[in-house]
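Here's the structure, in structure tokens; my notes come after.
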Amino acid sequence: MTTRKLGFSIVPYIELHSHSYYSLLDGVPTPEELVKQAVKWEMPAIALTDHNGLYGIPRFWEASQKAGIKAIIGCEITLDNKCGHLTLLAENQIGYSNLCRLITLSHHKGRKGQALLQENTLIENSAGLIALSGCRKSSIVQDLISRDYQKAIHTASRYSEIFGKDCFFLEMQNHHERNDYYINEQIANLSNKLMLPLVATGNVHYLTSEDAPLHDILTCIRHKLPLEHAISYLRTNHEYYFHSPQQMEQLFNEYTQSTNNTLCISERCQVNLPFGPQALPQIQLSSQMNADDKLSELCHTTLAQKFVANKNKYILTLNHELRMISEHNLTNYFLIVWDLICFARKNNILCQGRGSAANSLVAYLLGITPIDPLSTGLVFERFLSRERSTTPDIDIDFAADKREEVIQYIYNKYGPEQVSMACTIVTFRARSALRDVGLALGFEKDTLQKATTVLDDRSASSLPESESIRAIIKEDFYSPRWQELLRIAALLEGFPRHLGIHNGGMILSKQKLTKHIPIEPANMQERTVVQWDKDSLEFMNWIKLDVLGLRMLSAISDARALINPSPELENLRFDDHDVFDMICRGETIGLFQIESRAQASLIPRFKPRSLADLTIQVALIRPGPLQSNMVHPYLLRREGKKPITYLHPLLKPVLKETLGVILFQEQVLKIARDLAGFTPGEGELLRRSLRHKHTKEQLKHFHTRFIDGAKSRGVCALIANQIFNQLKSFGGYSFSKAHAAAFAVITYWSAWIRCHHPTEFFIGILRNQPMGFYPEHVVISDARRIGIRFLPVDLRYSSARSTLQSGKIRLGLKTVRGLGTEYINLLLQERKIAPFQSLSDLIQRMRFPRPLMESIILSGAVDYLHPRKHRRQILWELTDAYQTKPRIKDLKLTIPEEQVALQPMTPEQKFAAQLYATRVSIDNHPTYLYRNVLSHHKTTLISQLHSMNNGQKVKVGGIVVTRQSPPTANGIRFLALEDSSGLINVVIHANTYNSYRKEYYSDFIIVQGNLQLKHGALNLIAIHITSL
């Protein structure tokens, strides 16, 4: 890599020990800030040595490359058996691989987030590494502080033997802490005695001394302690900042060798990162066939079996795609995905590919995606092209409840050393920053809970101006204590907090992954994650395979299994009038992608009648189209209220399907191709530049090319500029048609099952909660409104999840609050042995915690055990059943049994208790509890609002189903309110929200407002809100 050529006489020191905020909760600067500071100090290189990980290395490398300085890759390792810290730097590629392996081993046996490396593993993994003896927490320094000089000699000698005398340096630091002068003096003595070189480091944890208080807060968060109790964990001064070379030269003026050696070490470190695409594993093939031949055979064989018009066009397209895939070394990738799809289908795991891969004919012929890209008008180059510099990935949705089988198949087939998952870096947002900083500053948990519950802000940086916090704490908002909390919390925006696991990104490699990236255990058993997140992997050009879980596929799979004969969804035609009639009636709860309130408002205007319509409908209600105002122009044209026009006739073939509006990403590629002569790959680069505002120069280049190309095709400059401006306005917000089309297929499947097999459909939905837009009680209410009948939870008959019983839906045991999978499995096993005879029999055999047993009783699941007793009486008798102290029998006293006659619960009490215990109701709607209050306020049923006039004032009461505050709505908030008759959208403008902020977060409310009947959609514009 290129580095700045700076004279060493001018720059007498290079920092070899620095921490970014990827030293989780122990570093303040970003990798980019460290590089920027190094450039400021005119250092030709800098090392990043975060604790036990290389999480920030890709960002660090990118920043260093842009700045023109060398990135030295290192890590501060924590050793086991109280051996402290050791600073390791990769001198060469062998050293880099060994560093990855050592970091992996350090995480292997520890708890998640805790790394401890066995010292003996250093011996066989020391090649290519330069070791620095470490900070104050190193074993050598601790030995010296303890005045055990002989032990320090022994430790230094051992490390010298492990790494070699020219690769082990005694590390000196000077932060003006107690014993620093003595420690450095003794380290110098060790150096003379053992003939070991010295090196000075700054152990940087923040850029300037002003950042030290923030580091103290991070330390408190890491140890889960308030400041007043964390003194022993805090640094004694503010000297761990990024010193200039001149400052370091002055600090170590007695040991000039120590600063000079930083330059020598920097020169020695020559490492490149392992940029991809990585070599992938190969599936087993016959000796006569290579991977390219296998992929070609699979595709051509399938194509020969399909009835398509203009087969020659398909053959030409297929051959083109196969060449491109081979050129990009992606043949094995496609075969791996194909093998995965085969495994899933063989094991009855419903799955489907989506995303830009649906633009590929190869993906269609392999059965990865359900969309024929040629008949749908898709563009392969949206997925892959010669011009594209980054590798694509394929997203595959699997039935969520079977996804783990698929993941373990990959681990088992290719081996745990060749497979891992991408990590996610979980960062501080408004709530987590407010809570964690507040606890560090000694705020009460209850106070912070109240503030975070009503917090509207997503970004921590907006906390100092938070209106929601101001409203809840009132005058305290301006107190110095609260202002300090909000100020510090705002600084944590984007700071890494802990490591998570990516939704589905899997990394496969032909070689051991630990040669390239460290791996550590994930939260879930039998899972590991690489230490790079999605963005880092993309920067490194590593291929990932997204193995995603989709609960809707689980719901469809469960419903299909109950239907006899089981429908072959793949063979459904997308022309069932009954299905589209149902959608147009607004019966969409539970339907994939089109059940939300925004979609419900769209349907009366849109009236879908085909799969193409569903594709557009899925794409319309997205942040991009909404934000760029694509929706209303399209709908006005669809309704015939606005003429369909095109700026140039060449646009008509491209935009005809969307009535002249640029909606799909693929249309951007086609416009660039048809009007300006771009290749489709160049069109994809143009589309990407439209999305990224930091590519102004690139966009300027594309603008010139577009205008020149259009003019060469007879398009005048004025029209060409207007079209390009349309691309800038809409193209950057467009949605992938391939993605929308793949989703539309699942939308239709779910709608077809709901239309023709509603009971089985709702069982599938209930068995896979939580999912979709609505909570379980709304799903049940909707099912009851169309005549589906339910049976309550019953310990005799209920399975873990909802089941079909005599044409009705029997609620599952999971419905009971607190009854988790482990308890359910134990209960079902015990029930197989023998039925439960009584309450005491149940308690003695299951030994459930008392609160759980109370929920089971209140749910009605054990009513059959005591048919002559009411639930309050049964709850009372729990006392005897859970008696922990044996009664005294030796005194031979006659103690009469206590018989307390309790009044049965009122119907309201019984209903409320059952609703609490199960969170659902199969008899009455939750608003039954407030029927008298609603009657007193003279509220109107939601179902009656459709017969009223636009603008009419009404009162509606119900339970709040969802709350939304989309960033595209300019401060407007939305509620979905439900009563026994239906749902309505409530629109709350900013001034109304500010007046009724507390009521907005209530579960049951009455809303007074004005009806808005527009385009067949019904909304209520809130004026007053009352909590119930």
- request: Kindly provide the set of residues from the stretch 173-196 that are surrounded by fewer than 19 Cβ atoms within 10 Å (Cβ to Cβ) and either without any contact (Cβ under 8 Å) to a residue 60 or more places away in the chain or assigned by TED's automatic domain parsing to the domain that holds residue 46 (or both), ordered by number.
  value: 178, 179, 180, 181, 182, 185, 189, 192, 193, 194, 195
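Going through 31, 44 one at a time, which residue ends up being in contact with a Gly (Cβ under 6 Å, 6 or more places away or on another chain) and over 20 Å from residue 93 (Cα atoms)?
Numbers: 44 fails: in contact with a Gly (Cβ under 6 Å, 6 or more places away or on another chain).
Testing whether each residue is in contact with a Gly (Cβ under 6 Å, 6 or more places away or on another chain) and over 20 Å from residue 93 (Cα atoms) leaves just 31.
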query: Would you call residue 593 part of a loop (DSSP other than H, G, I, E, B), at positive phi and touching a residue at least 24 places away in the same chain (Cβ under 8 Å)?
result: yes
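It is to be established whether one or more residues within the stretch 384-392 are of a type outside the set (A, V, I, L, M, F, W, C) and either crowded, with 23+ Cβ neighbours inside 10 Å or under 19 Å from residue 574 (Cα atoms) (or both). Talk me through it step by step, then tell me what you get.
To start, the set of residues in the stretch 384-392 that are of a type outside the set (A, V, I, L, M, F, W, C) comprises 385-392.
Okay, now just the ones that are also either crowded, with 23+ Cβ neighbours inside 10 Å or under 19 Å from residue 574 (Cα atoms) (or both), so none.
Looking through the stretch 384-392, none of the residues is of a type outside the set (A, V, I, L, M, F, W, C) and either crowded, with 23+ Cβ neighbours inside 10 Å or under 19 Å from residue 574 (Cα atoms) (or both).
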field: Residue list for the stretch 41-76, restricted to those being among the charged types (D, E, K, R) and assigned to a strand (DSSP E or B)
entry: 70, 76
statement: Flagged in the stretch 332-362 as touching a residue at least 24 places away in the same chain (Cβ under 8 Å) and either touching a strand residue (DSSP E or B) at 6+ places or on another chain (Cβ under 6 Å) or of a type in the set (D, E, K, R) (or both), in numbering order, are 337, 339, 344, 349, 350, 351, 352, 353, 354, 355, 357
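Of all the helices (runs of 4 or more DSSP H) wholly in the stretch 663-714, which have at least 2 residues that are touching a residue at least 40 places away in the same chain (Cβ under 8 Å)?
Working: elements: 665-676, 680-691, 696-712.
It comes to 665-676, 680-691.
Which of the residues belonging to the stretch 596-608 are assigned to a loop (DSSP other than H, G, I, E, B) and within 15 Å of residue 748 (Cβ to Cβ)? First the steps, then the outcome.
Here is the first cut: in the stretch 596-608, the residues assigned to a loop (DSSP other than H, G, I, E, B) are 596, 607-608.
Residue satisfying the conditions is 608 alone.
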message: Would you confirm whether or not the stretch 88-108 contains a residue that is at pLDDT below 95 and over 32 Å from the mean Cα position of the chain (by Cα)?
response: no
query: Can you name every residue in the stretch 80-129 that is surrounded by fewer than 17 Cβ atoms within 10 Å (Cβ to Cβ), within 24 Å of residue 272 (Cβ to Cβ) and not β-branched (Val, Ile, Thr)?
result: 93, 124, 127
- request: State which residue is surrounded by the fewest Cβ atoms within 10 Å (Cβ to Cβ) when the search covers only the stretch 785-821 and only residues that are part of a helix (DSSP H, G or I) and either in contact with a helix residue (DSSP H, G or I) (Cβ under 7 Å, 6 or more places away or on another chain) or at pLDDT 95 or above (or both).
  value: 814
- line: (1) surrounded by fewer than 22 Cβ atoms within 10 Å (Cβ to Cβ); (2) over 29 Å from residue 996 (Cβ atoms) all hold for residue 406 apart from (1)
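Counting residues that are within 22 Å of the chain's Cα centre (by Cα), which helices (runs of 4 or more DSSP H) fully inside the stretch 395-487 reach at least 1? Talk me through it step by step, then tell me what you get.
Details: elements: 403-414, 430-440, 445-453, 467-473.
Qualifying helices (runs of 4 or more DSSP H): 403-414, 430-440, 445-453.
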- prompt: What helices (runs of 4 or more DSSP H) lie completely within the stretch 255-329 and have 1 or more residues being polar (S, T, N, Q), at pLDDT 95 or above and not assigned by TED's automatic domain parsing to the domain that holds residue 391?
  reply: 256-268
Any hit, the stretch 539-546, residues being within 29 Å of residue 409 (Cβ to Cβ), among the charged types (D, E, K, R), surrounded by 18 or more Cβ atoms within 10 Å (Cβ to Cβ) and not assigned by TED's automatic domain parsing to the domain that holds residue 106: yes
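Per-residue answers, yes or no, for (1) within 21 Å of the chain's Cα centre (by Cα); (2) part of a strand (DSSP E or B); (3) touching a residue at least 12 places away in the same chain (Cβ under 8 Å):
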site	(1), (2), (3)
531	yes, yes, yes
542	yes, no, yes
553	yes, no, yes
561	no, no, no
566	no, no, no
586	no, no, yes
614	no, no, yes
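Of these, 697, 682, 666, which one is of a type outside the set (A, V, I, L, M) and closer than 24 Å to residue 645 by Cβ?
Details: 697 fails: closer than 24 Å to residue 645 by Cβ; 682 fails: closer than 24 Å to residue 645 by Cβ.
Criteria check complete, one pass: 666.
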- prompt: Does at least one position in the stretch 642-649 carry a residue that is more than 25 Å from residue 384 (Cα to Cα), basic (Lys, Arg) and without any contact (Cβ under 8 Å) to a residue 24 or more places away in the chain?
  reply: yes
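Would you mind finding the one in 728, 696 that is of a type in the set (Lys, Arg), more than 22 Å from residue 630 (Cβ to Cβ) and within 32 Å of the chain's Cα centre (by Cα)?
Details: 728 fails: more than 22 Å from residue 630 (Cβ to Cβ).
Answer to the check: 696.
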task: Could you tell me whether the stretch 494-503 includes any residue that is in a loop (DSSP other than H, G, I, E, B), of a type outside the set (D, E, K, R) and either within 20 Å of residue 31 (Cβ to Cβ) or out of contact with any Phe, Trp or Tyr (no Cβ under 7 Å at 6 or more places or on another chain) (or both)?
output: yes
- request: Please state which one of 968, 962, 1026 is out of contact with any strand residue (DSSP E or B) (no Cβ under 9 Å at 6 or more places or on another chain) and of a type in the set (S, T, N, Q).
  value: 968
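Go through the stretch 665-711 and give me each residue that's small (Gly, Ala, Ser), buried (at least 23 other Cβ atoms within 10 Å of the Cβ) and out of contact with any Asp or Glu (no Cβ under 9 Å at 6 or more places or on another chain).
The initial filter retains those residues of the stretch 665-711 that are small (Gly, Ala, Ser), namely 672, 676-677, 681, 683, 689, 709-710.
Applying the additional criterion that residues be buried (at least 23 other Cβ atoms within 10 Å of the Cβ) yields 672, 676, 683, 710.
Listed by number, the list holds a single entry, 710.
If you take the residues of the stretch 223-250 that are assigned to a helix (DSSP H, G or I) and among the hydrophobic types (A, V, I, L, M, F, W, C), which of them is farthest from residue 211 (Cα to Cα)? Walk me through it before giving the result.
First, the residues of the stretch 223-250 that are assigned to a helix (DSSP H, G or I): 223, 227-229, 231-233, 245-250.
Next, only the ones that are among the hydrophobic types (A, V, I, L, M, F, W, C) stay: 227, 231, 248.
Working: 227: 16, 231: 17, 248: 19 Å.
That would be 248.
The values are calculated or read from the model by the stated rules, or taken from the named source; none is laboratory data. Quantities reported herein were computed from a predicted structural model and do not represent experimental measurements. Here Cβ is always computed from backbone atoms with ideal geometry, including for glycine, and neighbour counts include all displayed protein chains.
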